[in-house]
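Single-structure report; data block below.
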Amino acid sequence: MRVLDNDSRALAALMLTVALTLGGCSATDVSRTSTRLEIQDEIGFTITEEVRISSDVRTDYQDALNLFEQGQHEQGIVLLQRVVGEAPQLSAPHIDLGVAYHRAGNLDKAEAHLQKALELSPEHPVVHNEMGIVYRKTGRFDEARYSYEKALAIYPGFHFARRNLAVLCDLYLADLDCALANYQAYIQTAPDDEEAAIWIADISNRIGK
């Protein structure tokens, strides 16, 4: 059995990836956000979003992250909605809300917040991967493939997106060549994934490779 979307199970892990560099000021500055992708190694990256916001917004955002880490998702969502209202130029709260609503089973709201995040930060690999998951769960498999491929075009070492694309091609698109190529690329960055090794052998047998 292929396990899907393993990167969306731990919201806190995503929040650590979507790092914010927040400059303090007395009132929210609605100027355009600067988002930067920093590649740390073959399978590691940090998204840094640089924007000046008020100390109250900064505190609310951190409090929301703490609530999610404590498992208080409903309270975290309420607080993030306030952050979004006070600092609409920030993409990170929209990403966090997209993942939170996805986990809560509200895919419409998840998609809406992820779309807004893409408007603010169109080259954000995490957003494209999360959009791919939403598209897959709503039966839009071609759109899901495009989103995963977009995430990988931005950052080829994004192993969760690579795995999601491989499973999509395997189970939903019946594109075994795509599945095999992406499983093989994925296992290079996750060599301890024994399941993936089994899947590679299974697909290789099916296509005679």
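Couple of notes before you dig in:
- Here Glu130, Glu143 are screened, and the one residue that is buried (at least 16 other Cβ atoms within 10 Å of the Cβ) and over 19 Å from Arg82 (Cα atoms) is Glu130.
- Sole exception among (1) modelled with pLDDT of 90 or more; (2) over 24 Å from Lys137 (Cβ atoms); (3) outside any helix (DSSP H, G or I) for Leu90, by number: (1)
- Failed item in (1) surrounded by 17 or more Cβ atoms within 10 Å (Cβ to Cβ); (2) part of a helix (DSSP H, G or I), with Val78 passing the rest: (1)
- A search for C-beta distances below 8 Å between a residue of the range 89-115 that is in contact (Cβ under 8 Å) with a residue 12 or more places away in the chain and under 10 Å from Glu130 (Cβ atoms) and any residue that is surrounded by 24 or more Cβ atoms within 10 Å (Cβ to Cβ) and of a type in the set (Asp, Glu), counting only pairs 6+ apart in sequence or on different chains, returns Ile95/Glu130; Gly98/Glu130; Val99/Glu130; His102/Glu130; Ala110/Glu130; Leu114/Glu130.
- Meets criteria (surrounded by fewer than 24 Cβ atoms within 10 Å (Cβ to Cβ) and touching a Phe, Trp or Tyr at 6+ places or on another chain (Cβ under 7 Å)) for Leu152: yes
Rundown of residues vs (1) surrounded by 17 or more Cβ atoms within 10 Å (Cβ to Cβ); (2) more than 19 Å from Arg145 (Cα to Cα); (3) touching a residue at least 40 places away in the same chain (Cβ under 8 Å), yes/no style:
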| residue | (1), (2), (3) |
| --- | --- |
| Ala174 | no, no, no |
| Cys178 | yes, no, no |
| Ala181 | no, no, no |
| Gln188 | no, yes, no |
| Pro191 | no, yes, no |
| Ile198 | no, yes, no |
| Ala201 | no, yes, no |
| Ser204 | no, yes, no |
| Ile207 | no, yes, no |
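- Residue tally, condition among the polar types (S, T, N, Q) and under 16 Å from Ile53 (Cβ atoms), over the range 79-121: 4
- Checked against (1) among the charged types (D, E, K, R); (2) crowded, with 22+ Cβ neighbours inside 10 Å; (3) not assigned by TED's automatic domain parsing to the domain that holds Phe68, Asp96 passes all but condition (3).
- Of the listed requirements (1) touching a strand residue (DSSP E or B) at 6+ places or on another chain (Cβ under 6 Å); (2) modelled with pLDDT of 85 or more, Leu67 misses just one: (1).
The values are calculated or read from the model by the stated rules, or taken from the named source; none is laboratory data. Owing to the predicted nature of the structure, the values given are computational and were not obtained by experimental measurement. Every residue, glycine as well, gets a Cβ built from its backbone with ideal geometry; the counts of neighbours run over all protein chains shown.
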